[in-house]
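Working notes for the structure below.
The values are calculated or read from the model by the stated rules, or taken from the named source; none is laboratory data. Predicted model, so just to flag it, every value in this text is computed and none were measured. Positions of Cβ are generated from backbone atoms using ideal geometry, with glycine treated the same way; all protein chains shown enter the neighbour counts.
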Amino acid sequence: MPQRKFNGARRPPVVQSRDRLKGCLGLSARAVPCRRLLKTGIGEPADAPSEDSVRQMLLLAEQLRVEHGGELDDAAILAVSEACCLPQEYVRLAVNRLPKERKGGLWHRIRNAFLALDTGDRRYVISGALSAVAGLANSLAHYTGDRYGLFGTLSILIVGTGLWNVAVSPNARTAAFAGGLFGLLFFVARSAFAMVLQLPLTIEAAQLVPYLFGGALGGLALFKIVDRNRARLGLEDPQQERERLLRQLVDLQEKLREGEQSMTFLSLDVVGSTKMKEGADPLSLEFTFREYHKFVEMAARRFGGRVHSTAGDGVTCAFPHPQQAFQAARFIQAGIVELNTFRNKIGVPIRLRAAIHSGTVVAPPGQDISKISFAHVIDIAAHLQKASPVGGIAVSVDAARYIAGGGASVGTDIVEAQSVRAFVWQPRAVPATGGQGPPPLPAGAPSLASPPPGFDLGVGESKSVDPLE
């Protein structure tokens, strides 16, 4: 199988391909649910969502929410659920926890709480609120005599809105419950307001039954009528609406994939930096660490990378390929000796831990890789760096397979962090001679016991020898 290319060299395969999403969507006249959702039965736990599915779901939901003016309706949530192969309630909960632009005011908080409800619950809430207002308007019409028909007109409009709310319910069961709730609460609200306003009305408790069942049967009948005449009323069929949203999700997926690329990150940190700074001269300290950061930046650029971010004494560098990151890391670990010798002014040598990990990141279109702050591959590199020995380099298995010679060329020691294994590179120590002296000179070389030509041992002075003589 041919190797995939990126940036002119071999790279790790890109996860979450477009074909996988389109195959999961099933964009046909009949929506095909995700297989994972069908596997779950009563008493059978659902499969835990993968990190890729969760990341894809959050990206799509956020983009779709922006296009819909800040909120997602139930059809959009269902489309995201089918596109990402995740349960609908899981998507709803995750979308509600997404950070939103803060807006003050009681109305905004009420609106957010309402939109967080399920579709059926929304119909119940609307029916309850409209029935209460309709009961108040009816009582005020009797109280004032409604000479100009204001409250009567208001009552008719509110009742009509309540009937429409029941008619567009997602299913017949919800329509029947919403209609019954509307009739029940209308009766209760009218009775309560009539009592408060001391209206000369006689209301029997037995009248509650026809209001309740009449509302339920009326809601069911209205739902059947509207469901059969959706095209004539200009209403979109739920199935067609879901497929349209799924197509939008495919387009959003294509746009989000424009910034997807495989990158390798090198994480560096200074060992024991806190103790190094204790009692050190502030100016010498600042100079030393500025020189250290300049050195790391120079090394990264020398091998085709760049500094991605800095946090305190830690530095993260980004490279197009693991081989470049590995070469830069070895160069830094070797060059830190020279920096300590000539540019370290605090008297304590800088010692480093390093780690390398490769993976897929998504940069927003039009922005470079430095804008990525939250990526799993960066977190893994940081965790491996903490497990790396001082002076060593931990290279994850995912990165080592793209280095010349593979993991065997890195080292034989293994460390692990966050269930990710890594090979450890360590500088080779020069073997000790054991006090045996230097190796013998090659045959034919002048003995160190005899003076070289041009020296007179008897006089003790050296004489120059003209090579032309």
Counting only strands (runs of 3 or more DSSP E) wholly inside segment 385-430, the ones holding at least 2 residues that are under 17 Å from CYS317 (Cβ atoms) and free of Cβ contacts under 8 Å to residues at least 60 places away in the same chain are 393-396
Contact list, first residue from segment 171-191 and over 12 Å from ILE126 (Cβ atoms), second anywhere and in a helix (DSSP H, G or I) and aromatic (Phe, Trp, Tyr), beta-carbon distance below 6 Å, six or more apart or interchain, is ALA172/PHE223; ALA175/PHE223; GLY183/TYR211; PHE187/TYR211
Selection from segment 191-236 of residues basic (Lys, Arg) and surrounded by 12 or more Cβ atoms within 10 Å (Cβ to Cβ) yields LYS224, ARG230
When every residue in segment 337-366 that is of a type in the set (Ser, Thr, Tyr) and either part of a loop (DSSP other than H, G, I, E, B) or within 28 Å of GLY406 (Cβ to Cβ) (or both) is compared, the one modelled with the highest pLDDT is SER358
Q: Determine if segment 202-217 includes at least one residue that is outside any helix (DSSP H, G or I) and touching a Ser or Thr at 6+ places or on another chain (Cβ under 6 Å).
A: yes
